[in-house]
Amino acid sequence: MPIEKERKDVGIADGEVSSGANVGLSSYELERLENIRQNQAFLSSINLLQANEELKKLTRPKPSQRGLMSRPKAAVKEVLPARKSLRLQNIKAEPLALLPEPRVMLIMQKKPKKPPGPLPMVAVNMEEGSKLPSQLLELWSEDSTEERKMRLDLKEYRSALESMKITKDRVAKVVMEHIFSAAFHPSASSLLLATGDKLGKVELWKLGGDWGDDGVLFFEPHTGPVSCMAFSRAHPTQLLSLSYDGSLRCMDVEKAVFHDVYDTAEGLNTFDFMSHDCFTLVVGNSLGEVAIVDRRTPGNTHEFLHSLDPKTLRCVSVHPSQKQYFVVAGSKVVNIYDSRYLTKTESQAVSVLRGHSFSISSAYFSPHTGNRVLSTCMDNYIRIYDTSAMTTKSPLLTTIKHIRTGRYLTKLSAKWDPKQEDCFVVSSMAHPRMVQVFHESGQRQHSFIDTKHRHIVLSATAFHPTRNAFLGGNVSGRLYVFSD
């Protein structure tokens, strides 16, 4: 018997057997088509097909579009003429000479540092020639002499933490790059925040502000990562920012300039105020040295320079009441020094905080009494030391396990809540991502979690000095604010 050349396809649309589909089919094939029809009818009756389509559309929630616009689109590439073979054109190719082998490796050029002296305070994201908003100056100059809130017991403190929530209007893209540092302005009437990024930009964001991009203004006083910034406790109208490019500047909104405070060829990592009037500073650099800087002295150089660590200094913190003492987080040591007895080299520490086996990210005196020092180490432990007696070897009180960050994130640092002497905050790499608040005993008090962005690590953190507000910044340049 000759084999049939071809059999017509069976047409099935939307789960229905097309008319004439049973022509020439066996009983098995007819039964199979009927089963397909019944299965699809059942799935349609329970809306499973529609639910499957909706699941395919589900992705991670889109990041907040508040604040700065996303990165500009790349320029269109120039269309070059098509390459033609010399052989096909009957043109003899010239022999190529081999390039000499390079003897040295090429070094990536750094962006030139800003010129010395005061820089005009011009917002990059405002029209050329625009003045700073008058509302910013009013807020910046607001009398913030309000005393810090009284210390709460742990039950009251936990209740205050639980009252702090995040909403979509408290998330904004404030810089285009990785956030390295952040701080709250001490104003109590409105939330005004400052951050520093990887490229040397400093931004100001007022929640609910109508200037710039959704209340965001950003400036370019540095050309390297802004690793440390702080508002003067004596003069809140002054914001000091320090950069890896070796510059330390003071933002003056009233005069619309960035004053040149300190400048050096070495990279700067950290600073703190050494006097109650905040005019004297201790500044740490990448060579393991600390510079004592007096802002009242003309020029932008240091008064004294002392070598304390053979490698680098990552953090300095001055005692809140006894300003001659400051703690230093170095390559693998945490020491407390007395500034009155420093020598150019080989200064003796007043107290040694032992137990660290890797490099230390940070070390801070407790905010009111200085009776505790909180350190964060790359050995995955947070430690609290008793420094009330300032003995030669400060005793270790508490050790808390934590997970350090990866290479592309800012190193996690535990920081005290300035309103609470015995509690601190630190980001967590646990899933879902969160920021945790601990008591000095190691007891966890609260966890800040953004349920819509459970994958985001908030490396840069800070508490407001008087209000129930907390901020966290991430590597994409976004700030997240939890507030009551």
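The values are calculated or read from the model by the stated rules, or taken from the named source; none is laboratory data. If you're wondering where the values come from, they're calculated on a predicted model, not measured in any experiment. Virtual Cβ from ideal backbone geometry, glycine too; neighbours counted across all protein chains shown.
Suppose we keep only residues that are farther than 20 Å from Leu137 by Cβ and in contact with a strand residue (DSSP E or B) (Cβ under 7 Å, 6 or more places away or on another chain) within the stretch 196-215. Which one would you say is surrounded by the most Cβ atoms within 10 Å (Cβ to Cβ)?
Here is the first cut: in the stretch 196-215, the residues farther than 20 Å from Leu137 by Cβ are 196-201.
Checking the rest, the ones that are also in contact with a strand residue (DSSP E or B) (Cβ under 7 Å, 6 or more places away or on another chain) come to 196-198, 200-201.
On the way: Gly196: 29, Asp197: 25, Lys198: 19, Gly200: 24, Lys201: 23.
For the stretch 196-215, the residue satisfying everything is Gly196.
Among (1) under 24 Å from the mean Cα position of the chain (by Cα); (2) more than 19 Å from Asp252 (Cα to Cα); (3) of a type in the set (Ser, Thr, Tyr), where does Tyr157 come up short?
Tyr157 satisfies every listed condition except (1).
Could you check the stretch 417-433 and list, in sequence order, the residues that are more than 15 Å from Ile400 (Cα to Cα) and modelled with pLDDT under 90?
Across the stretch 417-433, the qualifying residues are His431, Pro432, Arg433.
Which residues, counting only those in the stretch 369-407, are outside any strand (DSSP E or B) and in contact with a Pro (Cβ under 6 Å, 6 or more places away or on another chain)?
Selection gives Gly370 alone.
Anything in the stretch 202-234 that is touching a Pro at 6+ places or on another chain (Cβ under 9 Å) and among the small types (Gly, Ala, Ser)? List them, or say none.
Correct list: Gly209, Gly212.
Give me the pairs: first residue in the stretch 187-204 and closer than 13 Å to Pro221 by Cα, second residue among the charged types (D, E, K, R), beta-carbon distance under 7 Å, and six or more apart or on different chains, which are they?
These pairs meet every condition: Thr195/Glu203; Asp197/Glu177; Lys198/Glu177; Leu199/Glu177; Gly200/Glu220; Gly200/Asp245; Lys201/Glu220.
More than 23 Å from His464 (Cβ to Cβ) and surrounded by fewer than 24 Cβ atoms within 10 Å (Cβ to Cβ), is that true of Gly224?
yes
Checking Arg340 against (1) under 25 Å from the mean Cα position of the chain (by Cα); (2) on the phi < 0 side of the Ramachandran plot, which single condition isn't satisfied?
Only one criterion in (1) under 25 Å from the mean Cα position of the chain (by Cα); (2) on the phi < 0 side of the Ramachandran plot is unmet by Arg340, namely (1).
What are the residues in the stretch 373-394 that are touching a strand residue (DSSP E or B) at 6+ places or on another chain (Cβ under 8 Å) and of a type outside the set (S, T, N, Q), if any?
Of everything in the stretch 373-394, those that are touching a strand residue (DSSP E or B) at 6+ places or on another chain (Cβ under 8 Å) and of a type outside the set (S, T, N, Q) turn out to be Val373, Leu374, Cys377, Met378, Tyr381, Ile382, Arg383, Ile384, Tyr385, Asp386, Met390, Lys393.
Out of all the residues in the stretch 247-282, which are in contact with a strand residue (DSSP E or B) (Cβ under 7 Å, 6 or more places away or on another chain) and β-branched (Val, Ile, Thr)?
Going residue by residue through the stretch 247-282, those that are in contact with a strand residue (DSSP E or B) (Cβ under 7 Å, 6 or more places away or on another chain) are 247-252, 256-264, 266-274, 279-282.
Scanning the stretch 247-282 gives Val257, Val261, Thr264, Thr270, Thr280, Val282.
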